[in-house]
Amino acid sequence: DRPEVVEAIRRLSRRFRQALLTNDATTWLGPGWWRGWYLRDCFAAILDAAEEGVRKPHPEIYRRAARALRLPPEECLFIDDLTVNVEGARAVGMAGFRFQVTDPRGSVQRLYAMLGVDDG
């Protein structure tokens, strides 16, 4: 785990409804992994491609995430480490943020600045 990322997930969950959209967690963690996941309570919805039958960057998966949050795509911010996935979200009207996995601390700081969240 990257502690700054875990802290950001927890911190942002207190201010925003969050959904997790993953293409491959079931492959790594097994079916139903989210039920006992230690960050489960930080997310209003978890969408796993293994269950959904559609993967990022297909437009439908982003629309499903927005519906799960009860928000129009235009009111959602999609965060991912792959440009193709961020572009997929933007194509359906979401704002996008590319997370640099090689600079997690800097990425968290940029995300907080974008959202107007104090990083202290």
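The values are calculated or read from the model by the stated rules, or taken from the named source; none is laboratory data. Model, not experiment: these values are computed from the prediction. Ideal geometry is used to build each Cβ from the backbone, glycine not excepted, and the neighbour counts take in all protein chains shown. Accessible surface areas use protein heavy atoms only, side chains included; no ligands, DNA or RNA. Shrake-Rupley method; radii C 1.70, N 1.55, O 1.52, S 1.80 Å.
For this structure, a couple of remarks:
- For Ile79, the requirement of being of a type in the set (Val, Ile, Thr) and open to solvent by less than 50 Å² (accessible area, probe 1.4 Å) is not met.
- Subset of the range 19-42 (residues that are closer than 23 Å to Glu87 by Cβ and open to solvent by less than 30 Å² (accessible area, probe 1.4 Å)): Leu21, Thr22, Asn23, Ala25
- Some residue of the range 38-56 being closer than 22 Å to Ser107 by Cβ, charged (D, E, K, R) and assigned to a loop (DSSP other than H, G, I, E, B): yes
- Applying the criterion of being touching a strand residue (DSSP E or B) at 6+ places or on another chain (Cβ under 8 Å) and modelled with pLDDT of 95 or more to the residues of the range 48-65, the residue that is surrounded by the most Cβ atoms within 10 Å (Cβ to Cβ) is Tyr62.
- Filter pass, Val84 being modelled with pLDDT of 95 or more, in a helix (DSSP H, G or I) and within 13 Å of Val5 (Cβ to Cβ): no
- Any chance Val108 is modelled with pLDDT of 95 or more, β-branched (Val, Ile, Thr) and within 20 Å of Arg14 (Cα to Cα): yes
- With respect to the stated conditions, Val92 fails to be surrounded by 18 or more Cβ atoms within 10 Å (Cβ to Cβ), under 12 Å from the mean Cα position of the chain (by Cα) and over 21 Å from Pro3 (Cα atoms).
- The number of residues in the range 17-37 being outside any helix (DSSP H, G or I) and free of Cβ contacts under 8 Å to residues at least 12 places away in the same chain comes to 3.
- Test: Val6 is open to solvent by less than 40 Å² (accessible area, probe 1.4 Å) and more than 21 Å from Gly88 (Cβ to Cβ): yes
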